[in-house]
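Just below is one structure, and these are the notes that go with it.
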Amino acid sequence: MPKQEKPLVIVAHPMPEDWIAPLYEHTRVVVGPADRPGIDPSLAPYFPQVEGLLTWLSDPVTEDLLAQMPRLKVVSNYAVGVDNIDLAACTRRGIPVGHTPGILTEAVADLTWALILAVARNIVQAVEDARAGKWGMWSPTGWLGADLHGKTLGIVGMGQIGQAVARRGLGFGMKVLYTSRTPKPQVEAEMGARRVSLETLLAESDVVSLHVPLTPETRGMMGEAQLRRMKSTAYLINMARGKVVDTDALVRALREGWIAGAGLDVTDPEPLPPEHPLYRLPNCVITPHIGSAARETRKRMALLACENLLLGLEGKPLRHCANPDVYG
Ligand code: DGY
């Protein structure tokens with residue numbers, strides 16, 4: 001009997017070989033280039049044969065791309081967010097979409113707190129000043145920031161990451177408010193957290209931390225009206241997606257003191273160009289989408305993305321599927 005060829009898989013961009021070793025073992029792997037987002041056109045000759053696609057969060061998977069891949073059985077996104085993928089188009093074609101929830105929860109919650117502390121305690125400015133020889137004499141009013149103990153942490157989107165951030169907030173002695181489509185009785189019992197409307201959360205929180213997926217409902221949900229509703233002493237943290245916040249309104253909010261500061265791991269656009277006004281604002285700390293960038297986390301994400309992809313190639317249910325409707 002002729003030996004069956006291994007299925008062809010496109011990995012959109014280079015990844016450490018040991019992170020995607022299971023793919024090398026069970027499939028023929030073609031790796032795209034590193035230098036720009038998206039499935040590179042140089043991979044087009046492989047499209048007619050490709051059966052599995054491993055994407056990054058910066059790779060749009062559109063109806064048009066899918067139409068060029070008639071044998072595609074599975075898309076596996078190396079991220080928990082799947083806003084780069086036309087899920088409906090995948091579902092129509094019977095293609096399950098894998099993603100990586102759970103694994104990056106704690107790493108993202110850690111970075112959320114790094115940003116909260118950085119912006120509330122002026123850490124970046126203080127470090128820059130010390131390096132620049134502007135330390136001077138110790139002074140009671142030097143680099144004054146905000147107390148967090150006893151304040152209110154508002155979690156917008158109480159999923160796994162929101163909960164991990166809230167749990168850390170309790171350790172900092174903060175009270176927790178949250179918004180969520182559904183009540184979370186176990187979270188309320190465990191943390192004494194209170195579910196409120198977004199309006200109430202914005203008006204009462206000292207730190208507002210965003211952890212919602214980007215969907216038509218959440219796109220632009222933090223616009224001028226919402227930013228103006230926040231306390232002028234409050235901080236906004238965005239760990240979700242840049243497009244959840246209206247960037248122009250945020251620039252004005254930070255410049256004109258509607259809010260005290262912002263910590264952003266995600267921006268709109270991404271990457272944020274170096275000339276962007278947000279970088280010029282001393283009350284804004286920006287990290288380049290590194291929420292999950294912890295070594296073990298990123299490797300575990302890759303292994304889960306491989307597992308999802310291999311299960312999809314075998315026609316088995318994925319471990320984490322973002323369009324479960326595909327299974328009818
Ligand atoms: C995700 O997974 O969606 C994060 O934004 C990056 O790890």
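The values are calculated or read from the model by the stated rules, or taken from the named source; none is laboratory data. Only a predicted model underlies this, so the values are computations on that prediction, with no experimental measurement involved. Cβ placement follows ideal geometry from the backbone for every residue including glycine, while neighbour counts extend to all protein chains displayed. Ligands, DNA and RNA are excluded from the accessible area calculation, which covers all protein heavy atoms including side chains. Shrake-Rupley method; radii C 1.70, N 1.55, O 1.52, S 1.80 Å.
Here CYS306 clears all of (1) buried (at least 17 other Cβ atoms within 10 Å of the Cβ); (2) more than 25 Å from PRO7 (Cβ to Cβ) except the condition numbered (2). Has the stretch 306-327 got at least one residue that is of a type in the set (Ser, Thr, Tyr) and within 19 Å of the chain's Cα centre (by Cα)? Taking every residue of the stretch 306-327 in turn, none turns out to be of a type in the set (Ser, Thr, Tyr) and within 19 Å of the chain's Cα centre (by Cα). Considering (1) crowded, with 17+ Cβ neighbours inside 10 Å; (2) hydrophobic (A, V, I, L, M, F, W, C); (3) within 20 Å of the chain's Cα centre (by Cα), the lone condition that ILE290 does not fulfil carries the number (1). Listed by first and then second residue, the pairs with beta-carbon distance under 6 Å, at least 6 apart or on different chains, first residue in the stretch 231-242 and touching a residue at least 12 places away in the same chain (Cβ under 8 Å) and open to solvent by 10 Å² or more (accessible area, probe 1.4 Å), second away from the ligand (no atom under 16 Å from the Cβ) and assigned to a strand (DSSP E or B), are TYR235/VAL207; TYR235/GLY261.
So, THR141, is that one in a loop (DSSP other than H, G, I, E, B), hydroxyl-bearing (Ser, Thr, Tyr), within 24 Å of the chain's Cα centre (by Cα) and away from the ligand (no atom under 16 Å from the Cβ) or not? Answer is no for this residue.
ARG28 - would you say it is in contact (Cβ under 8 Å) with a residue 12 or more places away in the chain, more than 30 Å from LEU210 (Cα to Cα) and either open to solvent by 30 Å² or more (accessible area, probe 1.4 Å) or within 16 Å of the ligand (Cβ to nearest atom) (or both)? I'd like the intermediate steps shown before the answer.
Values: in contact (Cβ under 8 Å) with a residue 12 or more places away in the chain: yes; more than 30 Å from LEU210 (Cα to Cα): yes; either open to solvent by 30 Å² or more (accessible area, probe 1.4 Å) or within 16 Å of the ligand (Cβ to nearest atom) (or both): yes.
Against the criterion (in contact (Cβ under 8 Å) with a residue 12 or more places away in the chain, more than 30 Å from LEU210 (Cα to Cα) and either open to solvent by 30 Å² or more (accessible area, probe 1.4 Å) or within 16 Å of the ligand (Cβ to nearest atom) (or both)), ARG28 qualifies.
Within the stretch 96-149, being over 18 Å from GLU296 (Cβ atoms) and in contact with a His (Cβ under 7 Å, 6 or more places away or on another chain) holds for GLY98, HIS99.
When the stretch 85-110 is limited to residues that are of a type in the set (Ser, Thr, Tyr) and within 16 Å of the ligand (Cβ to nearest atom), the one that is surrounded by the most Cβ atoms within 10 Å (Cβ to Cβ) turns out to be THR100. Suppose we keep only residues that are within 27 Å of THR152 (Cα to Cα) and not in a helix (DSSP H, G or I) within the stretch 111-136. Which one would you say is most open to solvent (accessible area, probe 1.4 Å)? Residue satisfying both the conditions and the ranking: ARG121. Summed over the stretch 240-299, residues that are assigned to a helix (DSSP H, G or I), within 16 Å of the ligand (Cβ to nearest atom) and under 23 Å from LEU144 (Cβ atoms) total 0. Scanning the stretch 64-84 for residues that are touching a residue at least 12 places away in the same chain (Cβ under 8 Å) and more than 14 Å from the ligand (Cβ to nearest atom) returns LEU65, LEU66, GLN68, MET69, PRO70, ARG71, LEU72, LYS73, VAL74, VAL75.
Condition first: closer than 23 Å to PRO282 by Cβ and of a type outside the set (D, E, K, R). Can you find one or more residues in the stretch 210-219 that meet it?
Step one: filter the stretch 210-219 for residues closer than 23 Å to PRO282 by Cβ, giving 210.
When the remaining residues are screened for being of a type outside the set (D, E, K, R), the result is 210.
The answer is yes; a qualifying residue exists.
Kindly indicate whether GLN226 is assigned by TED's automatic domain parsing to the domain that holds TRP113 and over 30 Å from PRO269 (Cα atoms). In short, no. Counting the residues of the stretch 91-107 that are over 13 Å from THR55 (Cβ atoms) and among the hydrophobic types (A, V, I, L, M, F, W, C) gives 3.
Scanning the stretch 153-177 for residues that are of a type outside the set (A, V, I, L, M) and open to solvent by less than 20 Å² (accessible area, probe 1.4 Å), we see that the one that is farthest from GLN125 (Cα to Cα) is GLY157.
Of the residues making up the stretch 61-73, one or more are surrounded by 12 or more Cβ atoms within 10 Å (Cβ to Cβ), under 17 Å from THR91 (Cα atoms) and among the hydroxyl-bearing types (Ser, Thr, Tyr).
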